[in-house]
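**Q** Please find one structure pasted underneath; my questions will follow.
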Amino acid sequence: MAVWFARSRNLVSSLRHNLCLSTILVKGDYSHHRPIVSTCQLSPTVFLSPYVSSLRHESTAVEKQPDLVQHSDEEDVLQELDFPGGNVGCTSEMKFIPESSSRRIPCYRVLDEDGRIIPNSDYFPVSEKLAVRMYEQMATLQVMDHFFYEAQRQGRISFYITSLGEEAINIASAAALSPEDIVLPQYREPGVLLWRGFTPEEFANQCFGNKADTGKGRQMPVHYGSNRHNYLTISSPIATQLPQAAGVGYSLKMEKKNACAVTFIGDGGTSEGDFHAGLNFAAVMEAPVVFLCRNNGWAISTHTSEQFRSDGIVVKGQAYGIRSIRVDGNDALAVYSAVRSAREMAVTEQRPVLIEAMTYRVGHHSTSDDSAKYRAADEIQHWKTSRNPVNRFKKWVDDNGWWSEEDESELRSNTRKQLLQAIQAAEKCDKQPLKELFNDVYDVKPKNLEEQELGLKELVERQPQDYPPGFHV
């Protein structure tokens, strides 16, 4: 093991040398930059470091962050000791770091619950054109979820996951990114793909797994993917995309691309080892990755109180040396500004950033779940109506005079027609032929796989009544 660590350390040192990644940090004077501050009505608190307008010379080492652990001014540091693990001060006082601060990290927001800008908010202005498109896409996502959910309940598709209650995270984050940024989603981010141009027809073809599905019918419904849109295919195992995102980000860094990796995860996924591995790899390798955690309070039926004892997800970033922010995930303007800022930091400073978006999953976890078994009906209804992110953003767009009831009626009517036509066409389209189960696995198909393919074909021919109409061998 010791030899392995020594070799790994030598490899990293060699990479740093060859890539000219010096460990020397040249700090600039950032005092003239305005920091993003919390606009929470309780108190304005600085919780994200200032913007940095220029690239740091050579090094991408993370700067010293504001310390969340409260140290006493009277703490007596006797001297600094040099350990292999780093230089640290020493003290004669035996003092344990507290398990958690009594005061929680504030949540950055811009719009209040009535869709009005909170005074003195710090955010990126959004043009009429962008705001209207954001609202249109949020409303489209709502309608799409309704149609596909009903299609599953009617037995027309086997499975579905909605994004109800989390539309602002989907669309506002997508709007803040560049098309060149590579997205590694979980399974509740179809809005990112919708924003990038994936059509209702393409969504329907994937959910029905037909011949037009670019994934060749091999994935469960809602497990979308598109090379054309820099959107990696969703996989069911939780959090596997996070270490992959660290690798993708590091690849973009080595290729000197003006882009970053962006990956999504739910609060339950942070209990997976891959969450910690992904953050640690990204921090150590200084990879441009934006980690966006949707904290909706529930990992299927497991509440966050049974997931962790920390102050949510945001504090976990500092533990790995990652700049972090907590944002109101139901506030489209706050999500847009936070993600745009995080992306700018990741790309220009070559560093990972963690965003915790506080939200609520209005729908069931999936069509295999019944959330009424573990959540009160009035709680769900409250978030569906009073705290709805689409309605909240619509109020702001309305107040600016950018939207009308006629626009609303036309949008929803046209979207319903388009989705209905897409579903009907996808349903009539032939399924993928059976041979696609065995293609694209090996360059040259081995004998044992050929035998399996032949055996399955014979089974289908003997018992055609057990397979759906239009099923091709």
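**Q** Answer with yes or no whether Ser409 is free of Cβ contacts under 8 Å to residues at least 60 places away in the same chain and either open to solvent by less than 60 Å² (accessible area, probe 1.4 Å) or touching a strand residue (DSSP E or B) at 6+ places or on another chain (Cβ under 7 Å) (or both).
**A** For Ser409, the condition - free of Cβ contacts under 8 Å to residues at least 60 places away in the same chain and either open to solvent by less than 60 Å² (accessible area, probe 1.4 Å) or touching a strand residue (DSSP E or B) at 6+ places or on another chain (Cβ under 7 Å) (or both) - is not met.
**Q** If you don't mind, there's one more thing I want to ask. Out of the residues in the range 203-220 that are out of contact with any Pro (no Cβ under 9 Å at 6 or more places or on another chain) and surrounded by 21 or more Cβ atoms within 10 Å (Cβ to Cβ), which is farthest from Asp430 (Cα to Cα)?
**A** Of everything passing the filter in the range 203-220, Ala204 is farthest from Asp430 (Cα to Cα).
**Q** Related question: Of the residues that make up the range 87-98, is at least one in contact with a helix residue (DSSP H, G or I) (Cβ under 9 Å, 6 or more places away or on another chain) and either open to solvent by 20 Å² or more (accessible area, probe 1.4 Å) or closer than 15 Å to Leu333 by Cβ (or both)?
**A** Applying the first criterion (in contact with a helix residue (DSSP H, G or I) (Cβ under 9 Å, 6 or more places away or on another chain)) to the range 87-98 yields none.
The answer is no, given that none of the residues of the range 87-98 is in contact with a helix residue (DSSP H, G or I) (Cβ under 9 Å, 6 or more places away or on another chain) and either open to solvent by 20 Å² or more (accessible area, probe 1.4 Å) or closer than 15 Å to Leu333 by Cβ (or both).
**Q** Check every one of the helices (runs of 4 or more DSSP H) wholly within the range 157-252 and list those with 2 or more residues that are aliphatic (A, V, I, L, M) and farther than 26 Å from Pro468 by Cα.
**A** 167-176, 190-195
**Q** Additional query: Among what's in the range 107-158 and is under 24 Å from the mean Cα position of the chain (by Cα) and of a type in the set (Asp, Glu), pick the residue that is nearest to Gly217 (Cα to Cα).
**A** Ranking the qualifying residues of the range 107-158, first place goes to Asp145.
**Q** What is the residue count in the range 382-403 for residues that are open to solvent by less than 30 Å² (accessible area, probe 1.4 Å), within 23 Å of Trp298 (Cα to Cα) and of a type in the set (Val, Ile, Thr)?
**A** Total satisfying the criteria: 1.
**Q** Restricting the first residue to the range 90-105 and requiring it to be in a loop (DSSP other than H, G, I, E, B), which pairs with a second residue that is surrounded by 12 or more Cβ atoms within 10 Å (Cβ to Cβ) and modelled with pLDDT of 85 or more meet a Cβ separation below 7 Å and a spacing of at least six or different chains?
**A** Ser100/Ser310; Ser100/Asp311; Ser101/Asp311; Arg104/Asp311; Ile105/Asp311; Ile105/Val314; Ile105/Val315; Ile105/Arg326
**Q** Further question on the same structure: For the range 425-448, name all the residues that are assigned to a helix (DSSP H, G or I) and either under 31 Å from the mean Cα position of the chain (by Cα) or surrounded by 15 or more Cβ atoms within 10 Å (Cβ to Cβ) (or both).
**A** Correct list: Ala425, Ala426, Glu427, Leu434, Glu436, Leu437.
**Q** For the range 264-371, list the strands (runs of 3 or more DSSP E) that sit wholly inside it and hold at least 2 residues that are under 17 Å from Thr240 (Cα atoms) and out of contact with any Leu (no Cβ under 8 Å at 6 or more places or on another chain); which are they?
**A** On the way: elements: 289-295, 323-328, 353-358.
Here the list reads 289-295.
**Q** Follow-up. Considering every residue within the range 345-352, establish whether at least one is open to solvent by less than 10 Å² (accessible area, probe 1.4 Å) and closer than 22 Å to Arg392 by Cβ. Walk me through how you get there before you give the answer.
**A** Keep residues of the range 345-352 that are open to solvent by less than 10 Å² (accessible area, probe 1.4 Å), which gives 345-346, 349, 351-352.
Of the ones still in play, those that are also closer than 22 Å to Arg392 by Cβ are none.
Within the range 345-352, not a single residue is open to solvent by less than 10 Å² (accessible area, probe 1.4 Å) and closer than 22 Å to Arg392 by Cβ.
**Q** Any residue at all in the range 189-199 that is of a type in the set (S, T, N, Q) and either open to solvent by less than 10 Å² (accessible area, probe 1.4 Å) or in contact with a Leu (Cβ under 9 Å, 6 or more places away or on another chain) (or both)?
**A** Checking the range 189-199: not a single residue is of a type in the set (S, T, N, Q) and either open to solvent by less than 10 Å² (accessible area, probe 1.4 Å) or in contact with a Leu (Cβ under 9 Å, 6 or more places away or on another chain) (or both).
**Q** For the range 353-381, which residues satisfy the criterion of being open to solvent by less than 10 Å² (accessible area, probe 1.4 Å), of a type outside the set (Asp, Glu) and more than 14 Å from Ala299 (Cα to Cα)?
**A** Hits for the range 353-381 are Val353, Leu354, Ile355, Ala357.
**Q** Kindly indicate whether any position in the range 116-124 is surrounded by 13 or more Cβ atoms within 10 Å (Cβ to Cβ), outside any loop (DSSP other than H, G, I, E, B) and touching a helix residue (DSSP H, G or I) at 6+ places or on another chain (Cβ under 6 Å).
**A** For the range 116-124, residues surrounded by 13 or more Cβ atoms within 10 Å (Cβ to Cβ), outside any loop (DSSP other than H, G, I, E, B) and touching a helix residue (DSSP H, G or I) at 6+ places or on another chain (Cβ under 6 Å): absent.
**Q** Filter the range 244-261 for residues that are under 18 Å from Arg340 (Cα atoms), touching a strand residue (DSSP E or B) at 6+ places or on another chain (Cβ under 8 Å) and of a type outside the set (A, V, I, L, M) and give the result.
**A** Listed by number, the residues that qualify are Gly249, Cys260.
**Q** Just one of the numbered conditions (1) modelled with pLDDT of 90 or more; (2) within 33 Å of the chain's Cα centre (by Cα); (3) among the acidic types (Asp, Glu) is not true of Glu99; which one?
**A** Here Glu99 meets the rest and fails (1).
The values are calculated or read from the model by the stated rules, or taken from the named source; none is laboratory data. Quick caveat, the model's predicted, so the values are computed rather than measured. Every residue, glycine among them, receives a Cβ derived from its backbone with ideal geometry; neighbour counts consider all protein chains shown. Side chains are part of the model used for accessible areas, which takes the heavy atoms of the whole protein and leaves out ligands, DNA and RNA. Shrake-Rupley method; radii C 1.70, N 1.55, O 1.52, S 1.80 Å.
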